[in-house]
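Written out below as structure tokens is the structure these notes cover.
The values are calculated or read from the model by the stated rules, or taken from the named source; none is laboratory data. Please read all numbers here as calculations on a predicted model, not as lab measurements. Backbone-built Cβ (ideal geometry, glycine too); neighbour counts: all protein chains shown. Areas reflect the complete protein model, heavy atoms only, side chains present, ligands, DNA and RNA absent. Shrake-Rupley method; radii C 1.70, N 1.55, O 1.52, S 1.80 Å.
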Amino acid sequence: MTDNDARPGSGGSGHLSRRTLLKAGGLVVAGTAAGFGAAAIAEATESAQAAEQAGRSDYDTIVVGAGLAGLTAARELRKKGRRVLLLEARDRIGGRTWTDRFNDYEIERGGAWVDPLQPHVWRELSRYNLTIVADQGPERVLMPTPGGFAEFDPVTAYTRQGELFTPFFAGARDYFPKPYAPFTREDLLTPLDGLSLRDRLNQLAYPPADEMRMTGTTSLYGAPSSRGGLLQLAQWWALAGWNYTGFSGVNTFRIERGTVALATAILNEGKPDLKLRAPVASVVQANGTVRVTTRSGAAFTAPEVIMAVPVNVWKTIAFSPGLPQPHLEATAQGYGVPRQKKLWLDLATPTDRFIAEAPEGFPFAIMGRLNDNAPAVAFTVDTSFDVTNRAAVEAAVREIIPSAVVRSHTVSDWQAEEFSLGGPAFRQPRQLTRLHRAIGQPLGRVKFAGDDLALGWSGYMDGAIESGLRVAGAPTLAPSPNASPDTQGMALPKVNRRVYRSFVGL
Ligand SMILES: Cc1cc2nc3c(=O)[nH]c(=O)nc-3n(C[C@H](O)[C@H](O)[C@H](O)COP(=O)(O)OP(=O)(O)OC[C@H]3O[C@@H](n4cnc5c(N)ncnc54)[C@H](O)[C@@H]3O)c2cc1C
């Protein structure tokens, strides 16, 4: 049910005095946890206590955040017969997935690609009978060399990438023997978790000509390579079957009707009470009740709350009692790839299907046109050029393809969006062993969910769904990556996965 107004009988905002409403309204302006004053928390606490004493809660569970994690959790709880309220800050569902239009073309501004190696998202696609399409893939690949960019056929280019990346992940089968249970060999993980992607490159000491072919990948996720943790990428390698074809081929496929079709199907099955444009400002627990207050002052109570918002956003919400130390550290350090922007480019030239990878330090880490007559997609973590300016974007593209002509473009800046404050999850060194388990733990009656907290495909839609299932007490999946992927009866377009450089996790 889509319902932007307080539900009759919910008792929601009716619980608040005018004074509280005005005070809570101040939160909108402040927009940060710090902006939520002690007086407002005290009042919300009293109110939660009163609700508890009166034995009335508006809902059984309040889920905050209608991304794939929150939608999944809400559906699973509804299936158990619970009364569920889903509060979403934006005016749409889907969070870091967003099917939109650019010129006459359907684009994904966030998550796009799915794969049978990703069991949770794949099971959902099968459940809703959502058709899968394959990108056509590149006809040629531009790779950096010490003398400039050189052109290769895709099989040659990606066979070489496989030769370079396989040693990068040497030992991953030992330290991630069960990729969905990442702490199985914590003894081996702990010393490795201090390594950044840059550290691992330094250890391998590849000749410069080889290293430059790898830093397009490491800089994109690490943002820069020295920031991203080796073990995040290594876990994806393990989840994909400990080999390059799996790692690189993941995300060859898309949902024909867009990610919006998946998010909508989950919502329609669960039918929680959904309130859009309802950014949550505070979450206050007292005597067995949790009171959730939005920036506009609407308040709702339930014995249980699920926070399915990105870790990076936790710091903008006032929790009482306050977040434990690991949660505070994680939200201060950041869990989502910082600075990453996804651009769609209408290129007059070139007109063919290509992928170009650039070494660290270039404005674009990777770009390509994957389908005929489609716009090109490009990713940057460089904050020094103005991505809103067409001429600056064209100049950046021309650093790789000198003859390129950009007609128009559009940008998604997930870092700048206040309800994500970053891109997909990508852990930094030491976050896996020091923080990951701890931040998945509840704070009293408040539980946490999201792709950031997944045990498997963190940074992907699959991880968001996995986390949403787990927090709602529903079974998750952990297939052996050695087994052939379970396509769950879905028709799969036949493609040569070796020619893909998937835009893994992008
Ligand atoms: C550029 C980009 C490319 C990606 N590419 C892929 C890909 O190809 N394949 C893939 O599988 N994954 C990809 N991902 C990752 C994937 O999109 C995410 O893993 C997934 O969407 C996360 O879902 P989530 O529910 O955990 O979080 P989100 O989708 O971020 O959902 C959280 C929700 O909480 C809401 N919210 C935030 N703050 C508040 C508040 N205060 N009150 C109420 N609501 C709030 C947000 O508006 C949002 O709707 C990509 C992500 C990005 C950014």
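Points worth noting:
- Just one of the listed residues (94, 70) is in a loop (DSSP other than H, G, I, E, B), under 20 Å from the mean Cα position of the chain (by Cα) and buried (at least 21 other Cβ atoms within 10 Å of the Cβ), namely 94.
- Hey, residue 302 open to solvent by 10 Å² or more (accessible area, probe 1.4 Å), aliphatic (A, V, I, L, M) and under 27 Å from residue 79 (Cα atoms) or not: no
- For residue 364, the conditions (1) in contact (Cβ under 8 Å) with a residue 40 or more places away in the chain; (2) in a loop (DSSP other than H, G, I, E, B); (3) of a type outside the set (Val, Ile, Thr) are fulfilled apart from (1).
- Sole residue being of a type in the set (A, V, I, L, M, F, W, C) and open to solvent by less than 20 Å² (accessible area, probe 1.4 Å), chosen from 311, 260: 311
- Selection status of residue 393, open to solvent by less than 10 Å² (accessible area, probe 1.4 Å), more than 27 Å from residue 232 (Cβ to Cβ) and touching a His at 6+ places or on another chain (Cβ under 7 Å): yes
- Residue, surrounded by the fewest Cβ atoms within 10 Å (Cβ to Cβ), within segment 126-148, restricted to residues that are part of a strand (DSSP E or B) and of a type in the set (Gly, Ala, Ser): 148
- Residue count for segment 447-462 satisfying the condition of being under 22 Å from residue 319 (Cα atoms) and away from the ligand (no atom under 13 Å from the Cβ): 1.
- Restricted to helices (runs of 4 or more DSSP H) entirely inside segment 174-235, those with at least 1 residues that are among the charged types (D, E, K, R) and open to solvent by less than 40 Å² (accessible area, probe 1.4 Å) are 197-204, 208-222.
- Single condition residue 346 does not satisfy, out of (1) assigned to a strand (DSSP E or B); (2) open to solvent by less than 20 Å² (accessible area, probe 1.4 Å): (2)
- Total residues in segment 243-287 satisfying the condition of being assigned to a loop (DSSP other than H, G, I, E, B) and either at pLDDT 95 or above or of a type in the set (D, E, K, R) (or both): the figure is 9.
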